[in-house]
Amino acid sequence: MRVQDLMTREVATVLPADELGRAARLMEKRDCGCVAVLDDASKVAGALTDRDVCMAAMRTDSPLSRLNVGAAMSAPVCACRPDDSIAEAERQMGLHQVRRLLVVDADGRLAGILSLDDIAREACREEDLIAAPVSAEAVGITLGQIGRPHLIEDVEA
């Protein structure tokens, strides 16, 4: 099974100069936790998650209307290709400890997004197959890798 078989093709997008509040409203409207950040050439410049928005607001103690996407986004982005295997996508998620991968074509243009939830739903659909291409066990291993603790330097409460 390939990434293109499970990815979501309609991805919400923002620009680095957009107001962070606009991005947060877009996530709420689309009921999603991640938007793709595109540059002026419509290539993927980064990713912005709901956690990125919260952390930017906390770090700066500023309203979202005073912050821009570029200051909060994750870059470079962890991405995969549409023809990558689901196993490779899971490996990348575990390695980089991310729940979502932007899917880009050979030119760096956005093709879609793949989430661990997409993979888990497919594993549930296929659990009765003898040789299921996506296994619940693999999803569990990937989730464990994503959730392993980061090394944290002296953190003030």
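Evaluated against (1) among the small types (G, A, S); (2) touching a strand residue (DSSP E or B) at 6+ places or on another chain (Cβ under 6 Å); (3) over 20 Å from G112 (Cβ atoms), A56 falls short on exactly one condition, (2). From the list S65, S85, the lone residue that is touching a Lys or Arg at 6+ places or on another chain (Cβ under 7 Å), touching a residue at least 12 places away in the same chain (Cβ under 8 Å) and polar (S, T, N, Q) is S85.
Quick one: which residue in A17, A47, A36 is out of contact with any Asp or Glu (no Cβ under 7 Å at 6 or more places or on another chain), surrounded by fewer than 17 Cβ atoms within 10 Å (Cβ to Cβ), aliphatic (A, V, I, L, M) and within 20 Å of R109 (Cβ to Cβ)? Walk me through how you get there before you give the answer.
On the way: A47 fails: surrounded by fewer than 17 Cβ atoms within 10 Å (Cβ to Cβ); A36 fails: surrounded by fewer than 17 Cβ atoms within 10 Å (Cβ to Cβ).
None of the other options fit; the residue is A17.
Scanning region 3-14 for residues that are crowded, with 18+ Cβ neighbours inside 10 Å and part of a loop (DSSP other than H, G, I, E, B) yields M7, V11. Restricting attention to region 50-87 and to residues that are loosely packed, with under 15 Cβ neighbours inside 10 Å and of a type in the set (D, E), the residue that is nearest to A12 (Cα to Cα) turns out to be D83.
A short reminder: the numbers here are calculations on the coordinates, not readings from a lab. What you are looking at is a predicted structure, and each value in this text was computed from that prediction instead of being measured. When we count neighbours, we look across all protein chains shown, and the Cβ atoms used for this are built from the backbone with ideal geometry, even at glycine.
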